[in-house]
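Novice: What follows is a single structure, and I will ask about it in a moment.
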2 protein chains.
Amino acid sequence: MTPNALNGGEAPFPEFHSVYIDPVSWQHWRRTGEFRDGTVLAKELVTLISTDAHPDGSTDQVSGRGYFMDNFAGFEIAYKSAKHFPDEPGNWAYFSFGHHTPPYAAATKKLPTETCNACHGENAAQDYVFIQFYPVLRAARAAEAVN
Amino acid sequence: MTPNALNGGEAPFPEFHSVYIDPVSWQHWRRTGEFRDGTVLAKELVTLISTDAHPDGSTDQVSGRGYFMDNFAGFEIAYKSAKHFPDEPGNWAYFSFGHHTPPYAAATKKLPTETCNACHGENAAQDYVFIQFYPVLRAARAAEAVN
């Protein structure tokens with residue numbers, strides 16, 4: 001979560017990210033530690049509560065000063081498919097169904113490779129996915145590896 | 001998420017919270033907008049990446065300056081049950097299975113009412129649950145209410 005207020009007023013990704021994986025690919029990940037062909041990752045963007053915000057974008061709530069989820073602000077998909085995206089790096093294609101309050105688009109075209117995939121390829125810890133920020137994935141893989 | 005660095009070095013809840021609801025109670029919530037008797041909410045605590053942190057606790061990653069999940073640091077449960085907790089406000093009892101790195105305790109006793117329930121009762125937006133910070137719950141309730 002990278003608030004606008006900490007990024008010169010205009011962060012590339014100013015919202016919270018809630019990231020989900022489809023159940024079949026999750027089971028595959030647990031067994032193998034790999035994203036199977038067909039994996040779908042869904043990202044829900046959620047704005048920060050901003051009423052009475054401090055200069056750094058944080059707000060005071062009963063639990064303390066910090067950053068809190070407010071409302072949905074976008075929905076994106078990453079889809080790994082050798083059949084559908086043979087020319088994309090890692091066979092990953094990226095889609096945005098709208099970066100705004102719901103409702104989102106019912107359908108959309110894939111984004112140009114350089115929009116998402118280039119940065120994912122250079123910086124993501126495994127197969128174009130930023131698992132360095134996803135403790136659930138890392139822990140599940142480690143737990144299975146013990147067996 | 002309330003970083004220590006924004007709370008005098010010692011926040012009551014310095015970690016990210018990932019909060020889950022059991023599937024049966026989720027379906028009930030979608031239909032009714034209420035937490036059924038038997039609802040279990042599970043809270044996973046996740047530390048912030050702190051390497052090379054700024055004074056406010058944020059770090060610089062490829063997506064910008066902000067706060068990023070690092071590792072599991074605790075596991076807690078809230079359980080609403082009139083049968084088991086007839087004397088607890090709202091019949092909610094709270095449990096901590098450890099506020100540290102895994103593994104967590106296999107079993108634990110409920111916390112004293114004043115530890116959690118008092119603040120939840122005074123400040124949570126609905127039935128001792130802080131739905132003001134949970135857009136998924138609010139959106140699901142609103143969607144069903146349209147029908």
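The values are calculated or read from the model by the stated rules, or taken from the named source; none is laboratory data. Keep in mind that this is a model prediction, so the values were computed, not measured. Backbone-built Cβ (ideal geometry, glycine too); neighbour counts: all protein chains shown.
Novice: Going by the conditions given, is A:GLU15 more than 25 Å from B:GLU15 (Cβ to Cβ) and within 13 Å of another protein chain (Cβ to nearest Cβ)?
Specialist: no
Novice: I want to confirm something. Restricting to region A:82-105 and keeping residues that are hydroxyl-bearing (Ser, Thr, Tyr) and buried (at least 18 other Cβ atoms within 10 Å of the Cβ), which single residue is nearest to A:ASP70 (Cα to Cα)?
Specialist: Only one residue tops the list, namely A:SER96.
Novice: Residues of region B:78-103 being assigned to a loop (DSSP other than H, G, I, E, B) and farther than 19 Å from B:GLU44 by Cβ, which ones?
Specialist: Within region B:78-103, B:SER81, B:ALA82, B:LYS83, B:HIS84, B:PHE85, B:PRO86, B:ASP87, B:GLU88 qualify.
Novice: While we're here: Could we say that A:TYR134 is within 14 Å of chain B (Cβ to nearest Cβ) and surrounded by 16 or more Cβ atoms within 10 Å (Cβ to Cβ) here?
Specialist: yes
Novice: Something else now. For residues that are more than 8 Å from every other protein chain (Cβ to nearest Cβ) and touching a Ser or Thr at 6+ places or on another chain (Cβ under 9 Å), tally how many sit in region A:50-72.
Specialist: Total satisfying the criteria: 6.
Novice: If I ask for residues that are hydrophobic (A, V, I, L, M, F, W, C) and more than 17 Å from A:ASN123 (Cβ to Cβ), which ones from region B:42-72 would you list?
Specialist: Listed by number, the residues that qualify are B:ALA42, B:LEU45, B:VAL46, B:LEU48, B:ALA53, B:PHE72.
Novice: Quick one: which strands (runs of 3 or more DSSP E) lie wholly within region A:1-76 and hold at least 2 residues that are more than 16 Å from the chain's Cα centre (by Cα), over 30 Å from A:ALA140 (Cα atoms) and not hydroxyl-bearing (Ser, Thr, Tyr)?
Specialist: A:59-61, A:64-66
Novice: Please go through region B:68-99 and pick out each residue that is over 23 Å from B:CYS119 (Cβ atoms) and touching a strand residue (DSSP E or B) at 6+ places or on another chain (Cβ under 9 Å). Give the derivation first.
Specialist: To start, the set of residues in region B:68-99 that are over 23 Å from B:CYS119 (Cβ atoms) comprises B:68-72, B:83.
Those that are over 23 Å from B:CYS119 (Cβ atoms) and touching a strand residue (DSSP E or B) at 6+ places or on another chain (Cβ under 9 Å): B:PHE68, B:MET69, B:ASP70, B:ASN71, B:PHE72.
Novice: Could you please give the count of residues in region B:106-131 that are small (Gly, Ala, Ser) and loosely packed, with under 11 Cβ neighbours inside 10 Å?
Specialist: Final tally of qualifying residues: 2.
Novice: Tell me, yes or no, whether region A:73-84 has at least one residue that is modelled with pLDDT of 95 or more and facing another protein chain (nearest Cβ under 10 Å).
Specialist: Yes, there is a match, as at least one residue in region A:73-84 is modelled with pLDDT of 95 or more and facing another protein chain (nearest Cβ under 10 Å).
Novice: Which one of these does A:ARG141 not meet: (1) under 16 Å from the mean Cα position of the chain (by Cα); (2) more than 9 Å from chain B (Cβ to nearest Cβ); (3) buried (at least 16 other Cβ atoms within 10 Å of the Cβ)?
Specialist: With respect to (1) under 16 Å from the mean Cα position of the chain (by Cα); (2) more than 9 Å from chain B (Cβ to nearest Cβ); (3) buried (at least 16 other Cβ atoms within 10 Å of the Cβ), A:ARG141 is out only on (1).
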